[in-house]
1. For segment B:83-94, which positions are more than 9 Å from every other protein chain (Cβ to nearest Cβ) and crowded, with 18+ Cβ neighbours inside 10 Å?
2. How many of the residues making up segment A:97-142 are part of a helix (DSSP H, G or I) and either within 15 Å of residue A:212 (Cβ to Cβ) or of a type outside the set (A, V, I, L, M, F, W, C) (or both)?
3. Under 6 Å by Cβ, and 6 or more places apart or on different chains, what pairs join a residue from segment B:160-178 that is on the phi > 0 side of the Ramachandran plot with one that is surrounded by fewer than 17 Cβ atoms within 10 Å (Cβ to Cβ) and part of a helix (DSSP H, G or I)?
4. Name the pairs whose Cβ atoms lie under 8 Å apart, with the first residue in segment A:251-269 and within 9 Å of chain B (Cβ to nearest Cβ) and among the charged types (D, E, K, R), the second surrounded by 15 or more Cβ atoms within 10 Å (Cβ to Cβ) and part of a helix (DSSP H, G or I), and 6 or more positions between them or separate chains?
5. Restricting to segment B:229-276, and then to whatever is part of a loop (DSSP other than H, G, I, E, B) and of a type outside the set (D, E, K, R), can you tell me which residue is nearest to the chain's Cα centre (by Cα)?
6. Name every residue in segment A:172-188 that is farther than 13 Å from residue A:243 by Cα and surrounded by fewer than 19 Cβ atoms within 10 Å (Cβ to Cβ), in order of residue number.
7. Quick one: residue B:29 ticks every box in (1) more than 14 Å from chain A (Cβ to nearest Cβ); (2) buried (at least 24 other Cβ atoms within 10 Å of the Cβ); (3) under 19 Å from the mean Cα position of the chain (by Cα) bar one, so which box is it?
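The values are calculated or read from the model by the stated rules, or taken from the named source; none is laboratory data. Computed from a predicted structure; not experimentally measured. Please note: Cβ atoms are built from the backbone with ideal geometry, for glycine as well, and neighbour counts cover all protein chains shown.
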Amino acid sequence: MNWSRVQAIMGKDIRAVTASKMVLLPIVIVPLLLCVLVPAVILLLALRFDTVLITGVDFVEKLIPLYPVPDALPGPSDRVLYIFLNYTFLPLFMLVPIMASSVIASDSIVGEKERKTLETLLYTPVTNREFLVAKLLGAFVPAVLVSWGGFAGYFVVLNLIYSVARGMLILQSWIWLPAMLLLSPSVSALGLSVTLIVSLRAKTYMEAQQTAGIIVLPFVVLIVVQIAGLLTFKPLYVVGLSIALGIASYWIVARIAPRFTREAIINTL
Amino acid sequence: MTAIQADGLTKTFPGGITAVRDLTLEVKRGQIFGFLGPNGAGKTTTLRLLNGTLIPSGGSSSVLGRDSREEEVRSRTATLAEEARMYEHMSVTENLRFFARMYELSPEEAEARIRELLGRMGLWDKRDSKLGSFSTGMKKRVYLARTLLHRPEILFLDEPTSGLDPEAALRVTDLIRTLAREQEVSVFLCTHNLVLAERICDVFALLREGTLQALGSKEQLLDSKLEDKRVQIRTVDSTSVHTFTKEEEIDRIIRKLQGKGEKVVEVRILRPSLEDVYFRTVGRSQDELV
């Protein structure tokens with residue numbers, strides 16, 4: 001494996017992402033909306049109206065005993081807020097790495113087909129393995145970094161708002177540690193592996209995006225299930241889910257890799 | 001010495017379409033080999049088989065004594081395909097530096113080579129411009145510089161002048177010829193541009209529907225494929241073209257015209273061109289074209 005070639009392809013792909021508004025915008029806007037703006041507005045409204053909007057609602061109050069909530073929190077409304085911001089938002093957060101990995105991989109494989117630059121690359125001495133590793137890492141690393149960046153924004157902005165209002169931090173659950181270190185990378189890997197399957201057939205970036213977008217659905221179901229109180233997220237569950245998704249991604253990549261040859265790719269151009 | 005060898009090379013795609021059938025040919029070192037045929041004849045598939053991108057369904061091919069599929073073949077050759085492009089959001093030097101890394105050139109070697117090639121192509125002043133801002137002709141020159149970065153021993157060129165105006169096409173053609181002669185690079189040139197091929201190629205292969213129809217130098221093809229030659233005879237009243245196989249027949253044609261009372265003022269033997277051989281061998285007839 002020639003790592004200089006792998007690094008060069010990764011660097012070139014990351015530059016292509018930053019040069020394309022169509023690719024860059026969702027990677028910037030989605031984390032900004034999901035991780036910072038929407039939660040910040042919810043928190044500000046909740047603090048402004050003393051969470052009258054959510055307390056008193058039967059199914060919401062039923063969630064309180066299901067989660068470990070710090071005693072220092074002032075009242076039931078702040079406990080509901082704590083649960084929402086620490087636990088309910090977590091699967092929503094996972095849409096960021098899945099979207100980012102899928103968008104970057106679609107652009108770096110199918111987008112390159114569309115721009116007719118892939119053929120030139122395939123005529124160089126780069127091996128099938130180097131090509132695949134470069135394309136996988138070139139999407140995986142930025143996707144994880146984007147989700148970490150989103151979390152950093154979420155952590156700083158929400159804790160800042162809450163600490164000004166109440167003098168303490170609202171985001172303090174340990175669940176975020178396995179979520180960021182394990183779940184976020186494994187979710188990125190899953191998005192990536194699904195995009196890899198799609199990219200063997202898709203001819204345009206939009207086609208790849210639309211098909212790979214189906215992977216978001218299980219996470220939407222997870223959000224609904226959690227809000228309904230049918231599933232309570234705990235750190236151990238996050239670790240288990242991370243391992244399961246990691247294994248699933250590895251299995252998909254291992255199965256698709258032998259088919260990811262220059263002949264197979266060039267035949268779809 | 002042999003640069004490229006194909007023995008019974010065949011390619012059938014999963015859909016059952018056979019694009020190349022039992023192709024046998026040899027390209028010698030330093031030769032410019034014109035691979036001619038109409039669209040869909042199998043030229044690009046053959047090129048991709050020879051440069052190791054596609055795996056043959058039958059037969060075999062070797063490049064510089066190695067199986068076409070070996071990585072070393074791609075390190076010692078370069079391919080300039082008709083549709084293949086470079087990165088438009090990157091500058092000329094950024095593009096060339098990227099491809100230099102693909103060919104494992106050291107940074108110093110790459111910089112020296114980039115300077116030399118861009119100077120040669122008349123693009124040194126434009127080295128920091130984004131490729132996307134270039135005209136088609138300028139882009140082709142950058143693509144050609146890319147193919148020459150690692151001093152390849154063989155160039156696979158697929159329609160290198162497509163999309164160029166006649167002047168730019170001529171410049172690229174002359175550049176290929178000069179480079180091939182100076183650096184003793186073998187060139188495998190796929191094209192249906194007969195003017196380009198006739199201008200620079202030493203040997204020609206004519207392909208139709210994946211099957212080799214003719215192979216040889218221009219003279220060999222003219223001798224083998226055009227048994228009847230043509231003579232143009234101008235009389236006071238008209239001009240007519242007659243076919244003949246032996247030169248003695250011209251005298252008989254002239255006497256026949258004179259017997260009809262015609263006064264011959266000019267006799268000109270029409271020199272057959274590669275185009276004549278092409279249309280006779282693989283091209284559609286004039287009737288089909290109409």
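1. B:92, B:93
2. Counting residues in segment A:97-142 that are part of a helix (DSSP H, G or I) and either within 15 Å of residue A:212 (Cβ to Cβ) or of a type outside the set (A, V, I, L, M, F, W, C) (or both) gives 29.
3. B:163/B:136
4. Pairs found: A:262/A:122; A:262/A:128; A:262/A:131.
5. The selected residue is B:273.
6. The answer is A:172, A:174, A:177.
7. Of (1) more than 14 Å from chain A (Cβ to nearest Cβ); (2) buried (at least 24 other Cβ atoms within 10 Å of the Cβ); (3) under 19 Å from the mean Cα position of the chain (by Cα), only one is false for residue B:29: (2).
Residues checked against (1) aliphatic (A, V, I, L, M); (2) within 11 Å of chain A (Cβ to nearest Cβ):
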site: B:51; (1), (2): no, yes
site: B:54; (1), (2): yes, yes
site: B:58; (1), (2): no, no
site: B:66; (1), (2): no, no
site: B:70; (1), (2): no, yes
site: B:75; (1), (2): no, yes
site: B:81; (1), (2): yes, yes
site: B:102; (1), (2): yes, yes
site: B:105; (1), (2): yes, yes
